[in-house]
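To start, the structure itself, in structure tokens.
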Amino acid sequence: MTWVLKSVLLYGEGEPVDVLLADGRIEAIGVGLSGDDAIDGAGLVLLPGLVDLHTHLREPGREDAETVETGTLAAALGGFTAVHAMANTDPVADTAGVVEQVWRLGLEAGHCDVAPVGAVTVGLRGEHMAELGSMADSAARVRVFSDDGKCVSDASLMRRAMEYVKAFDGVIAQHAQEPRLTEGAQMNEGITSSKLGLAGWPAVAEEAIIARDCILAGHVGGRLHVCHVSTAGSVELIRWAKDKGWDVTAEVTPHHLLLTDDLAATYDPVYKVNPPLRTQSDVEALRQGLADGTIDCVATDHAPHALEDKESEWGAASPGMTGLETALSVVAKAMVETGLLSWRQVAERLSETPARIGRLDGHGRPLEVGEPANLCLVDPSATWTVDPRTMATRSRNTPYAGDVLPARVVATFLRGRPTVLDGKPA
Ligand code: DOR
Ligand code: ZN
């Protein structure tokens, strides 16, 4: 079965061309091409399939909130062809057995590739290093390791983990949160938290860990990736580390590019997330950092939660928001409509760079003949209204319910096979 995408704009640039997909690859790019099936792509932007470095799929353990099947379908609908599945499952993904299970579930579901993230420490407890080598050697070929949800706060463990994964070109993805500075924290520490009487999560708790870890990465000569950067000061620190030539990369979430901490005044726990929503000046700095390349990529931190964990009072609610199905639209709103990024740069920050950081072969590749047909077709001029009831994710905790967002994913192809057509599961 071959497909031809008619009159599409590669990266939103140049003249419209036809793209023929055959045998899982881009077979030809030109004009007047035909295939077994066709999509009219007039006015549509063709991007490499998006790659998420930070997805919570919740399986095993919380299949009531998400499964690999529902989460990867949500990913495909959002234009993703690969996601990294975070390790804070139950049991924790801290052994070859668990990461292979998640990887196999991804293969069976078939909506997008699943690259399991391995825990850095046993049980995410921050005490003993997990079996990083056996996870790397497993069928899942883990290259990204993270205790996300928790910070690897022990500097010695962090140092040893960065040293250890050098052997197989791995990276430690740090959830930067100094635990003592964030005890009981509920939202960003600032004017709004004082007014609302909610315990604050200060910027310095993130920045102190980032500063420490960057210095460790420089010392060790290892790779550090900083998860969900949320403050202006963090952007400064990462800029400094890159100037030093250290191997440090960073991600920002769509929600930290758009939303601010004053939303906590609603006391609606849908806005509770970790790290918390920050201030408008943080948002501006994050946008600038993503635009100038200080922040390398966007990662969703898709964090689905069951109703009973989210529809409670603020203090008792679990932190996290869903994000896979809205990520590209939120980036379009925050970065493309504002003139900060072109679609070409969106391809870099949501596909090429995250694929490179995760060492994922076959993803984030150029739109060229011979390359794997992992693709995402976007209507840049469409708008849509977010309706949590019609989303593929099993959870309902989107902060954008009822919002009208720009740009719509029309189709997604995984190795030449459509996973999404007409904005619906294929
Ligand atoms: O908001 C968050 N939710 N932040 C995290 O670090 C973990 C995540 C989750 O697992 O729900
Ligand atoms: Zn995290």
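Summarising the amide proton neighbourhood of Ile26: residues at separation of 5 or more, or on other chains, whose placed amide H is nearer than 5 Å comprise Gly370, Glu371, Ala373. I'd like to know which of Ala334, Pro254, Pro304 lies farthest towards the positive end of the charge dipole of the stretch 252-335, counting +1 on Cβ of Lys and Arg and -1 on Cβ of Asp and Glu. The residue sitting most towards the positive pole is Ala334.
Amide H contacts for Thr121 (H built 1.01 Å from N in the peptide plane; partners 5 or more residues away or on another chain; cut-off under 5 Å): Gly126, Ala130.
For Arg25, the shell of other residues with beta-carbons less than 9 Å away shows a net charge of -2, using +1 for Lys and Arg and -1 for Asp and Glu.
The modelled label-to-label distance between Arg180 and Ile215, using points 7 Å beyond Cα along the C-beta direction, is 1.5 nm. Across the stretch 354-420, how large is the tail of the calculated P(r) beyond 17 Å, expressed as a percent of all Cα pairs? It works out to 60 percent of all Cα pairs. The distance separating the Cα centre of the stretch 32-110 from that of the stretch 247-270 comes to 23 Å.
For the stretch 1-52, a crude dipole built from +1 on the beta carbon of Lys and Arg and -1 on the beta carbon of Asp and Glu, taken about the Cα centre, is about 60 debye to the nearest 20.
Over all other residues within a Cβ to Cβ distance under 12 Å of His54, the charged ones net out to -4, with Lys and Arg as +1 and Asp and Glu as -1. Under 5 Å from the amide H of Arg223 lie the amide H atoms of Ile172, each residue being 5 or more positions distant or on a separate chain, with H modelled from the backbone and absent for Pro and chain starts.
The ranking of His219, His302 by Cβ neighbour count inside 10 Å, starting from the fewest, reads His219, His302.
This model, with +1 at the C-beta of Lys and Arg and -1 at the C-beta of Asp and Glu, gives the stretch 48-204 a dipole about its Cα centre of some 400 debye.
For GluC sites (Glu not before Pro), the sites in the stretch 155-193 that DSSP calls loop and that have at most 13 other Cβ atoms within 10 Å are Glu183.
Fraction of C-alpha pairs exceeding 13 angstrom in the stretch 269-327: 67 percent, rounded to a whole number. Dividing the summed helix terms, -39500 (n - 2.57) for each DSSP H run of n ≥ 4, by the number of residues in the chain produces a 222 nm estimate of -7500 deg cm²/dmol to the nearest 500.
Determine by what factor the alpha-carbon radius of gyration of the stretch 169-214 differs from 2.2 N^0.38 Å, reporting the quotient.
Values: Rg = 12.8 Å, N = 46, 2.2 N^0.38 = 9.4 Å.
Compared with the compact-globule rule of thumb, the stretch 169-214 sits at 1.36.
Count Lys and Arg as plus one, Asp and Glu as minus one, and take only other residues whose Cβ is under 14 Å from that of Gly315; the net charge is then -3. Once Rh for the stretch 321-360 is found with the Kirkwood sum over Cα pairs, what is the Stokes-Einstein diffusion coefficient at 10 °C and 1.306 mPa s, in µm²/s? My calculation gives 147 µm²/s for D.
Once the chain from Thr385 to Lys195 is taken as fully extended at 0.36 nm per residue, the excess over their C-alpha distance is 65.2 nm. With no solvent and one point on each alpha carbon, what is the Debye value of log10 I(q)/I(0) for the stretch 29-184 at q = 0.11, 0.19, 0.20 Å⁻¹? Once normalised to I(0) and log-transformed, intensities are -0.49, -1.10, -1.19.
Along each principal axis, taking the top coordinate minus the bottom one, the Cα set of the stretch 201-313 gives 45, 25, 22 Å in descending order. Computed from the C-alpha gyration tensor, the three semi-axes of the ellipsoid equivalent to the stretch 1-62 are 30, 15, 9 Å, from longest to shortest. The ratio of the alpha-carbon radius of gyration of the stretch 271-402 to the globular-protein estimate 2.2 N^0.38 Å is 1.17. A run of the chain free of exposed loop cleavage sites, with trypsin sites (Lys or Arg not before Pro) counted only in DSSP states other than H, G, I, E and B and at most 13 other beta carbons within 10 Å, reaches its longest extent at 245-426. Above 37 Å, the calculated P(r) of the chain contains 18 percent of its Cα-Cα pairs.
Hand me the GluC sites (Glu not before Pro) from the stretch 268-371 located in a DSSP loop with no more than 11 other Cβ atoms within 10 Å, in residue order please.
Details: sites: Glu284, Glu308, Glu311, Glu313, Glu325, Glu337, Glu348, Glu352, Glu368; in loops: Glu311, Glu313, Glu325, Glu337, Glu368.
Listed in order of number, the matching sites are Glu313, Glu368.
Sites listed here are GluC sites (Glu not before Pro) in the stretch 67-130 whose DSSP assignment is loop and whose Cβ has at most 16 other Cβ atoms within 10 Å: Glu127. Label-to-label distance, Met1 versus Ala167, with points set 7 angstrom from Cα along the beta-carbon direction: 4.4 nm.
The 3J(HN,Hα) values that the Karplus relation (6.51, -1.76, 1.60; θ = phi - 60°) gives for the stretch 260-275 are, in residue order, 10, 5, 5, 5, 5, 4, 6, 6, 8, x, 4, 8, 7, 8, 10, x Hz. Gly and Pro appear as x.
Throughout, read-outs are computed from the coordinates displayed, never taken from laboratory work. Just so it is clear, the structure is predicted and the values come from calculations on it, not from any experiment. As a convention, Cβ positions derive from the backbone with ideal geometry for all residues, glycine included, and neighbour counts pool all protein chains shown.
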